[in-house]
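Step one of this worksheet: look at the structure below.
The values are calculated or read from the model by the stated rules, or taken from the named source; none is laboratory data. Quick caveat: nothing in here was measured; it's all calculated off a predicted structure. Methodologically, a virtual Cβ is constructed for each residue, glycine included, from the backbone with ideal geometry; neighbour enumeration extends over all protein chains shown.
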């Protein structure tokens, strides 16, 4: 049943992406952010939390083109996920390129990916360890929903980074690899983030995120909050 529900969620993303194929800019201006229950307090249901500028659209398109080609996913779905990562990143104050990089390393943008250890979805969340965070979104059964997975995954990652005070150690904790002396997971994620940074810089509107560092995780001083 979980797999069926996940497939339906993935199909919904594809259909939504196809509707936006001709004019994605208009879709961004009109659609509200998929906000968390906390951020919805005090906001009208029909009030968008975040709007994208033309610069943002160029950035999203450049990133989604790169990801679609690299991971062989629909460009429209990639565009939706890039936009969602930026929206959630803005909401939780976490660099959206870091979120996208984690998705790339964890699941290669497969929304129904599942590991032998029970990690599920785009950001490979293990539901039994994060019941409290999944509950506001419908419980463990919602873990394969792309919006829920990114909302919850980003909050888990942000919590680990905040608790450790270090991006690299937070990433190693997210991967369950704190004992790895080579910090291979962190190096992979930050390497992907650097490639995404390069793609963003090369976007039509020359929009770039903050500087990227790929130093060893234990020595990384990369800012936790990299949103201008």
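Would you say residue 80 is touching a residue at least 24 places away in the same chain (Cβ under 8 Å) and within 12 Å of the chain's Cα centre (by Cα)? It is true that residue 80 is touching a residue at least 24 places away in the same chain (Cβ under 8 Å) and within 12 Å of the chain's Cα centre (by Cα).
Among the residues of region 111-147, the ones that are within 18 Å of residue 196 (Cβ to Cβ) and either surrounded by fewer than 17 Cβ atoms within 10 Å (Cβ to Cβ) or touching a strand residue (DSSP E or B) at 6+ places or on another chain (Cβ under 9 Å) (or both) come to 0 in all. All conditions but one from (1) part of a loop (DSSP other than H, G, I, E, B); (2) surrounded by fewer than 24 Cβ atoms within 10 Å (Cβ to Cβ); (3) touching a helix residue (DSSP H, G or I) at 6+ places or on another chain (Cβ under 6 Å) apply to residue 173; the one that does not is (1). Residues that are in contact (Cβ under 8 Å) with a residue 24 or more places away in the chain and assigned to a helix (DSSP H, G or I) were ranked within region 176-186; the one that is surrounded by the most Cβ atoms within 10 Å (Cβ to Cβ) is 186. Selection of region 148-164 for residues being more than 20 Å from residue 120 (Cα to Cα) and free of Cβ contacts under 8 Å to residues at least 24 places away in the same chain yields 163, 164. Checked across region 209-224, the condition of being modelled with pLDDT under 95, under 16 Å from the mean Cα position of the chain (by Cα) and either part of a loop (DSSP other than H, G, I, E, B) or buried (at least 19 other Cβ atoms within 10 Å of the Cβ) (or both) holds for at least one residue. Please specify each residue of region 92-105 satisfying the condition of being surrounded by fewer than 23 Cβ atoms within 10 Å (Cβ to Cβ) and not in a loop (DSSP other than H, G, I, E, B). The answer is 92, 104, 105. Would you check if residue 63 is outside any loop (DSSP other than H, G, I, E, B) and either at pLDDT below 95 or closer than 18 Å to residue 148 by Cα (or both)? No, not satisfied.
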